[in-house]
């Protein structure tokens, strides 16, 4: 019977895998932060202030949808990266970053074409969830999904 300590190859595989996991998690965190600030740029006003202080449900829904879209882009970028660790991390960072920019631009274009004002939704004085915010939230999810598939 062999133990983990006695099996150097298994120990090395676990060590290497753990290192790769932590490296991809760090790159993913950087991309999530970039994605949040890209969403912030696309939203009138300071997004975190609109969510925390104004407690606007429309801005919260749009931020959540964008974050899930970014998550899809990052996850598919990691899945598609392959190769050695450095190559995979680089591909994830580049494709994830480009995917986030593409998602932001596509979201702004969609919003303009549909004719829904993100500014009005984020500054809604009544602070009630609007059907337009749900539409834009689902659109953000789908734009993230399509962008993620394009990365693959």
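Figures for the structure shown
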| item | result |
| --- | --- |
| Within segment 73-88, tally of residues that are buried (at least 18 other Cβ atoms within 10 Å of the Cβ) and over 16 Å from the mean Cα position of the chain (by Cα) | 2 |
| Subset of segment 41-53 that is assigned to a loop (DSSP other than H, G, I, E, B) and modelled with pLDDT of 85 or more - its residue that is nearest to residue 107 (Cα to Cα) | 46 |
| Of all residues making up segment 9-41, the number that are under 30 Å from residue 120 (Cβ atoms) and within 14 Å of the chain's Cα centre (by Cα) | 10 |
| Residue within segment 76-99 that is touching a helix residue (DSSP H, G or I) at 6+ places or on another chain (Cβ under 6 Å) and under 18 Å from residue 43 (Cβ atoms) present | no |
| Members of segment 107-125 found to be part of a loop (DSSP other than H, G, I, E, B) and under 9 Å from residue 56 (Cα atoms), listed by number | 123, 124, 125 |
| Cβ pairs under 8 Å, 6+ apart, first in segment 1-19 and within 14 Å of residue 85 (Cβ to Cβ), second modelled with pLDDT of 55 or more and assigned to a helix (DSSP H, G or I) | 19/85 |
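The values are calculated or read from the model by the stated rules, or taken from the named source; none is laboratory data. Note that the coordinates shown come from a computational prediction; the quantities given were computed from them, not determined experimentally. Quick reminder, even Gly has a Cβ in these numbers, built from the backbone with ideal geometry, and neighbours come from all protein chains shown.
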